[in-house]
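Read through the structure below, which is laid out as structure tokens, and then see the notes.
The values are calculated or read from the model by the stated rules, or taken from the named source; none is laboratory data. Keep in mind the model is a prediction, meaning the values are calculated, not measured. All Cβ positions, glycine included, derive from the backbone under ideal geometry; neighbour counts span all protein chains shown.
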Amino acid sequence: MPDYIQANTNGRLHDAREPSLAPLNRGYLYGDAIYEVWRTYHAVIFAWEEHWRRLEWSAAALHFALPLAPVVMRAEIFKTIAAFRRVVPGDGDLYIRLQITRGGGPIGLDVALADQADYVLLVQANKAHPAEILRDGLKLSVATTLRRNPAESLNPAWKTGNYLNNILGLREARARGADEVVLLNHAGEVTEAAVSNLAFVRGGKVITPPLTAGILGGITREILLTEVAPKAGITAEEGTVWPEDFGRMEECFLLSTTKDLTPVGAIDGHRFPVRDDSVTARLKAAFGEYTRAYATRHPELRVVA
């Protein structure tokens, strides 16, 4: 069952196709939820603490408490992975999603109506990009019918269950034949893609939109800026990017937990070369070295088949 997804709802293991939460759950009714996604590299859960800190921050922003301590939740993740491996044997990389909702209760927006937080864990195979994507790069398109929701309304830095802004932006880009969308903020600055951070290369230097543009503080982005790029001898920094800058950029790539660095071949009419000797390729290789070193340093996060 290569597409099997293993679920764990509040400690109960089950096939993800089975119902597990009541229709009155606020995550279903209102998107009143937060989530995080981890993946494994070399059979080790990668960047465990960084993702957990962001989960705690998102929960605090939404004013609700996490239902389990990190050590207990990690044990539930290991249990869920073991159940997945009983159905899908192997040693390939895994995708691990933890969604936490405020809970259920009577219908109504008042958070006081919620009873207690619920969680759902999902584990599946982490699917890599096809070889042609890494060879040719993704095609992106700038959204023209909507803008990234501003931090003053619903902060994109909070990893919540409300993804309509991203969904509608991606729908628009896909309707034009693109793989992903480029979202602008209300000032017209480049922010990010639907499920990834964006970065560009100009003059051999990496430039990624700043957090103040209204983006998710991606873990892969953070590791690139603070660890991977400096060790690779490549300057990487935040900087405001406008659509009119695309023509002056030498390369473009996406950053995400599940796919790490993915080259971009074009944004609408602007094309970027995808080469084996590019800055993007050098950084992707350096990121791979970082994940191997991380796996060696963290045997406590090794998953058991």
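When the residues of the range 116-155 are filtered to those that are among the basic types (Lys, Arg) and surrounded by 14 or more Cβ atoms within 10 Å (Cβ to Cβ), which remaining residue is farthest from Arg85 (Cα to Cα)?
Step one: list which residues in the range 116-155 are among the basic types (Lys, Arg), which gives 127, 135, 139, 147-148.
Checking which are surrounded by 14 or more Cβ atoms within 10 Å (Cβ to Cβ) leaves us with 139, 147-148.
Working: Lys139: 34, Arg147: 41, Arg148: 39 Å.
Step by step, filter the range 116-155, then rank; the result is Arg147.
Being assigned by TED's automatic domain parsing to the domain that holds Asp268, within 16 Å of the chain's Cα centre (by Cα) and either assigned to a strand (DSSP E or B) or over 30 Å from Lys79 (Cβ atoms) (or both): is that true of Leu121 here? Explain how you work it out, then say what you get.
Values: assigned by TED's automatic domain parsing to the domain that holds Asp268: no; within 16 Å of the chain's Cα centre (by Cα): yes; either assigned to a strand (DSSP E or B) or over 30 Å from Lys79 (Cβ atoms) (or both): yes.
For Leu121, the condition - assigned by TED's automatic domain parsing to the domain that holds Asp268, within 16 Å of the chain's Cα centre (by Cα) and either assigned to a strand (DSSP E or B) or over 30 Å from Lys79 (Cβ atoms) (or both) - is not met.
With the requirement that a residue be closer than 18 Å to Val190 by Cβ and touching a strand residue (DSSP E or B) at 6+ places or on another chain (Cβ under 7 Å), what does the range 258-280 give you? Walk me through how you get there before you give the answer.
Our first condition is that a residue be closer than 18 Å to Val190 by Cβ; within the range 258-280, this holds for 261-272, 280.
Within the range 258-280, Leu261, Thr262, Pro263, Val264, Gly265, Ala266, Ile267, Asp268, Arg271, Phe272, Thr280 qualify.
Look at the range 88-114 and say how many of its residues are surrounded by 14 or more Cβ atoms within 10 Å (Cβ to Cβ), in a loop (DSSP other than H, G, I, E, B) and either outside the structural domain of Ala59 (by TED's automatic domain parsing) or out of contact with any Lys or Arg (no Cβ under 8 Å at 6 or more places or on another chain) (or both).
Matching residues across the range 88-114 total 1.
Quick one: in the range 239-257, of everything that is out of contact with any strand residue (DSSP E or B) (no Cβ under 7 Å at 6 or more places or on another chain) and charged (D, E, K, R), which residue is nearest to Arg135 (Cα to Cα)?
Checked the range 239-257; the qualifying residue nearest to Arg135 (Cα to Cα) is Asp245.
Return the total of residues in the range 200-218 being within 16 Å of Leu261 (Cβ to Cβ), touching a helix residue (DSSP H, G or I) at 6+ places or on another chain (Cβ under 7 Å) and surrounded by 22 or more Cβ atoms within 10 Å (Cβ to Cβ).
Count: 2.
Okay, residues lined up against (1) of a type in the set (D, E, K, R); (2) farther than 24 Å from Thr262 by Cβ; (3) touching a residue at least 60 places away in the same chain (Cβ under 8 Å):
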{"residue": "Ile107", "(1), (2), (3)": "no, yes, yes"}
{"residue": "Tyr119", "(1), (2), (3)": "no, yes, yes"}
{"residue": "Asn166", "(1), (2), (3)": "no, no, no"}
{"residue": "Gly169", "(1), (2), (3)": "no, no, no"}
{"residue": "Ser196", "(1), (2), (3)": "no, no, yes"}
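For Glu172, work out the one condition from (1) farther than 29 Å from Thr40 by Cβ; (2) of a type in the set (D, E, K, R); (3) exposed (fewer than 15 other Cβ atoms within 10 Å of the Cβ) it doesn't fulfil.
Of everything listed in (1) farther than 29 Å from Thr40 by Cβ; (2) of a type in the set (D, E, K, R); (3) exposed (fewer than 15 other Cβ atoms within 10 Å of the Cβ), Glu172 misses just condition (3).
In the range 188-228, how many residues are in contact with a strand residue (DSSP E or B) (Cβ under 7 Å, 6 or more places away or on another chain) and among the β-branched types (Val, Ile, Thr)?
So the answer is 9.
Report, by residue number, each residue of the range 1-23 that is free of Cβ contacts under 8 Å to residues at least 60 places away in the same chain and within 24 Å of the chain's Cα centre (by Cα).
Those that are free of Cβ contacts under 8 Å to residues at least 60 places away in the same chain and within 24 Å of the chain's Cα centre (by Cα): Asp15, Arg17.
Consider only pairs whose beta carbons are under 6 Å apart and that are at least six residues apart or on different chains; among these, list those whose first residue lies in the range 252-270 and is over 15 Å from Asp136 (Cα atoms) and whose second residue is of a type in the set (D, E, K, R) and part of a strand (DSSP E or B).
Cβ pairs passing all conditions: Thr257/Arg39; Thr258/Arg39.
Does at least one position in the range 19-31 carry a residue that is on the phi > 0 side of the Ramachandran plot and in contact with a Lys or Arg (Cβ under 8 Å, 6 or more places away or on another chain)? I'd like the intermediate steps shown before the answer.
Keep residues of the range 19-31 that are on the phi > 0 side of the Ramachandran plot, which gives 31.
Then keep just the ones that are in contact with a Lys or Arg (Cβ under 8 Å, 6 or more places away or on another chain); that gives none.
No, every residue in the range 19-31 fails to be on the phi > 0 side of the Ramachandran plot and in contact with a Lys or Arg (Cβ under 8 Å, 6 or more places away or on another chain).
Given the criteria within 24 Å of Asn165 (Cβ to Cβ) and surrounded by fewer than 16 Cβ atoms within 10 Å (Cβ to Cβ), does Thr226 qualify? First the steps, then the outcome.
On the way: within 24 Å of Asn165 (Cβ to Cβ): no; surrounded by fewer than 16 Cβ atoms within 10 Å (Cβ to Cβ): yes.
When the stated conditions are applied, Thr226 does not pass them.
Give, as residue ranges, the helices (runs of 4 or more DSSP H) completely inside the range 205-299 that count at least 1 residues that are among the hydroxyl-bearing types (Ser, Thr, Tyr) and under 20 Å from the mean Cα position of the chain (by Cα). Can you show your working first?
Values: elements: 219-223, 229-232, 279-297.
Ranges flagged: 219-223, 279-297.
Output yes when any residue across the range 116-127 is over 30 Å from Asp277 (Cβ atoms), modelled with pLDDT under 95 and not acidic (Asp, Glu), and no when none is. Lay out the reasoning, then the answer.
From the range 116-127, those over 30 Å from Asp277 (Cβ atoms) are 116-125; that's our starting set.
Checking which are modelled with pLDDT under 95 leaves us with 116.
Filter once more, keeping what is not acidic (Asp, Glu): 116.
Within the range 116-127, one or more residues are over 30 Å from Asp277 (Cβ atoms), modelled with pLDDT under 95 and not acidic (Asp, Glu).
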